[in-house]
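S.K.: Pasting in a structure now, in structure tokens, and then I'll have a few things to ask.
The values are calculated or read from the model by the stated rules, or taken from the named source; none is laboratory data. The shown structure was predicted, so the numbers you read here are calculated from the model rather than taken from an experiment. Neighbour counts run over all protein chains shown; Cβ positions are idealised from the backbone, glycine included. The accessibility values were calculated without ligands, DNA or RNA, using every heavy atom of the protein model including side chains. Shrake-Rupley method; radii C 1.70, N 1.55, O 1.52, S 1.80 Å.
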Amino acid sequence: MPRLANPDPDALPADVREFLSFLPPDPLVKMLSHAAGTVRPFIELATAQFTSLELPARSRELVILTVAAYADCAFVAAQHEPMAQAAGVDEATRRLIAGREVESPDLSPYDRAVVRLTAEVVQRPRVSDEIFGGARRLLSERELVEVLQVAGYYWSFSRVCTVLDVEITQVYGAGEPLLTDAPDR
């Protein structure tokens with residue numbers, strides 16, 4: 001059971017209500033709308049992470065699944081399992097990430113570098129030179145920063161879910177980002 005009740009939609013500012021009308025009636029979106037001033041930018045940032053990154057979709061999903069595993073967030077894991085599969089992350093790799101087996105020789109060198117970097121980011125304030133160097137050899141500078149941005153966003157997303165006990169009611173799968181046709185500001 002969620003720790004907070006859904007906010008009263010009538011108590012939200014009109015522009016927030018209009019923005020939310022373009023989104024699915026998802027429990028997480030409702031929970032985020034408690035912060036009426038930041039719900040739109042928070043969701044728009046998620047959309048940017050699906051539409052504006054140089055980081056390939058498959059790599060983005062490796063990052064998200066790793067954050068979900070280390071943040072113990074079933075909601076994010078459930079939502080991104082089908083997205084990761086659609087992006088080309090095979091079942092064995094998804095299983096290794098869920099089991100926090102970041103050193104597994106069954107991960108490709110690229111996957112291991114991305115997953116190790118992400119796991120380290122979620123667990124510690126600094127990343128070792130060894131782990132950073134391994135990722136730097138395989139990712140561009142832009143991609144490295146994007147990994148950090150995606151990891152940070154989904155860590156925050158995960159904490160909203162875990163701290164507030166947001167329930168999984170629907171898995172959206174491999175579809176488009178939540179926000180696709182909302183009006184401009």
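S.K.: Quick one: pull the percent of accessible area on the chain belonging to carbon and sulfur, 1.4 Å probe, ligands and nucleic acids left out.
M.R.: Working: 5090 of 9630 Å².
Ligands and nucleic acids excluded, carbon and sulfur give 53 percent.
S.K.: Enter the accessible area per residue of the chain (Å², integer; probe 1.4 Å; all protein chains in place).
M.R.: Each residue of the chain exposes 52 Å² on average to a 1.4 Å probe.
S.K.: Dipole size in debye (nearest 20) for the stretch 34-102 around its Cα centre, Lys and Arg Cβ +1, Asp and Glu Cβ -1?
M.R.: Numbers: 6 positive and 8 negative charges, 17 e Å.
Roughly 80 debye for the stretch 34-102.
S.K.: Right, next: Want the number for ALA74 to MET1: 0.36 nm per residue separation, take away the alpha-carbon distance, what's left?
M.R.: Fully extending the segment from ALA74 to MET1 adds 24.9 nm.
S.K.: Right, here's the next one. How high is the relative contact order of the chain, in percent, with contacts defined as C-alpha pairs under 8 Å that are six or more residues apart?
M.R.: Numbers: 220 pairs, mean separation 64.0, N = 185.
In percent, rounded to a whole number, it is 35.
S.K.: Sticking with this structure for a sec: Out of [x] 42, 40, 34; [y] 67, 37, 27; [z] 53, 34, 31, which label holds the value of Cα extents along the principal axes in Å that was computed here?
M.R.: Working out Cα extents along the principal axes in Å from the coordinates points to [z].
S.K.: How far, in nm, would the chain grow between THR38 and GLU101 when pulled straight, counting 0.36 nm per residue and subtracting the alpha carbon separation?
M.R.: Numbers: separation 63, 0.36 × 63 = 22.68 nm, distance 3.51 nm.
Taking THR38 through GLU101 to full extension adds about 19.2 nm, to one decimal.
S.K.: Now a separate question. Among all helices in the chain defined by DSSP H, which have a length of 15 Å or more along the axis from Cα atoms plus a Kyte-Doolittle mean of at least 0.0? Spell out each step's value before the answer.
M.R.: Numbers: long enough: 39-51 (18 Å, 0.55); 57-70 (20 Å, 0.76); 74-86 (19 Å, 0.20); 109-123 (21 Å, 0.07); 141-163 (33 Å, 0.28).
Sorted by number, the helices that extend far enough and score high enough are 39-51, 57-70, 74-86, 109-123, 141-163.
S.K.: Here is a follow-up. Calculate the length of the line joining the C-alpha centroid of the stretch 62-81 to that of the stretch 105-139, in whole Å.
M.R.: If you average the Cα positions of each part, the centres end up 17 Å apart.
S.K.: Here is a further query. Tell me the accessible surface of THR51 in square angstrom (1.4 angstrom probe, heavy atoms of protein chains only), to the nearest ten.
M.R.: Result for THR51: roughly 90 Å² accessible.
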